[in-house]
Amino acid sequence: MNNKELLKLAEKARENAYVPYSKFKVGAALLTKDKKVYTGCNIECASLGGTNCAERTAIFKALSEGSQDIEAIAIASSNSEKNEPTYPCGICRQVIIEFGPEIRIITGYSEGEIYECKIKDLIPHYFSGSDFIDNK
Ligand code: THU
């Protein structure tokens, strides 16, 4: 599964976005180290704080199905075809890095520019479990 193929799956997942409020559709496709794929879309609700981003939907699906070893997450949004890459929001950055600083983030447009970086580059000095576990 290459970056373009994973991004295409994110673009497909975007079709299921439930976005009556923002109208901003996002899809994500998560690749595990053992080559399984989990997709997700954003899901909004009238109490806006209950909204779940596409990235977290994909992560929660993977974890709840027994996959924790994440290799990469591709993201497609309503802006992708305009060649404007969408990167994960702050909450999603913190959730993604929970599962490894080396996770690759892929964004852009499958038929245009494709960008890749690591989650650790998007959230420097991040808060982690080691900040409070066994804290004396
Ligand atoms: N959103 C995502 O699903 N992922 C992102 O990376 C950015 C934001 C969603 C949340 C909300 O449904 C809409 O986009 C506007 O913020």
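Roughly how tilted is helix 54-64, in degrees to the nearest 10 and between 0 and 90, from the longest Cα axis of the chain?
Rounded to the nearest ten degrees, it is 50.
Taking Cα atoms, how many degrees apart are the long axis of helix 3-13 and the longest axis of the chain, rounded to 10 and kept between 0 and 90?
Roughly 70 degrees between the two axes.
Suppose only helical runs count, i.e. DSSP H with n ≥ 4. What mean residue ellipticity at 222 nm does that imply for the chain under -39500 (n - 2.57) per run, divided by all residues and rounded to the nearest 500 deg cm²/dmol?
-7000 deg cm²/dmol
Run down the lysines and flag those whose C-alpha is under 20 Å from the C-alpha of Lys118, throwing out any fewer than 8 positions away in its chain.
Lys4, Lys8, Lys33, Lys35, Lys36
Please report the net charge: other residues with Cβ closer than 14 Å to the Cβ of Cys41, K and R +1, D and E -1.
+2
In the chain, once you exclude exposed chymotrypsin sites (Phe, Trp or Tyr not before Pro) (DSSP loop, at most 12 other Cβ within 10 angstrom), what's the longest stretch remaining?
So the longest stretch without any such site is 22-126.
I'm a student and want to see the number: the projected area of the Cα convex hull of the stretch 3-135, averaged over all directions, in nm².
8.6
For the stretch 1-72, which GluC sites (Glu not before Pro) pass both filters: DSSP loop (anything but H, G, I, E, B) and at most 16 other C-beta atoms within 10 Å?
Glu65
Residues with beta-carbon under 9 Å from that of Asn3, excluding Asn3: net charge, scoring Lys, Arg +1 and Asp, Glu -1?
Neighbour charge sum, excluding Asn3 itself: 0.
Coordinate-derived values only; no laboratory data. Keep in mind that this is a model prediction, so the values were computed, not measured. Every residue, glycine among them, receives a Cβ derived from its backbone with ideal geometry; neighbour counts consider all protein chains shown.
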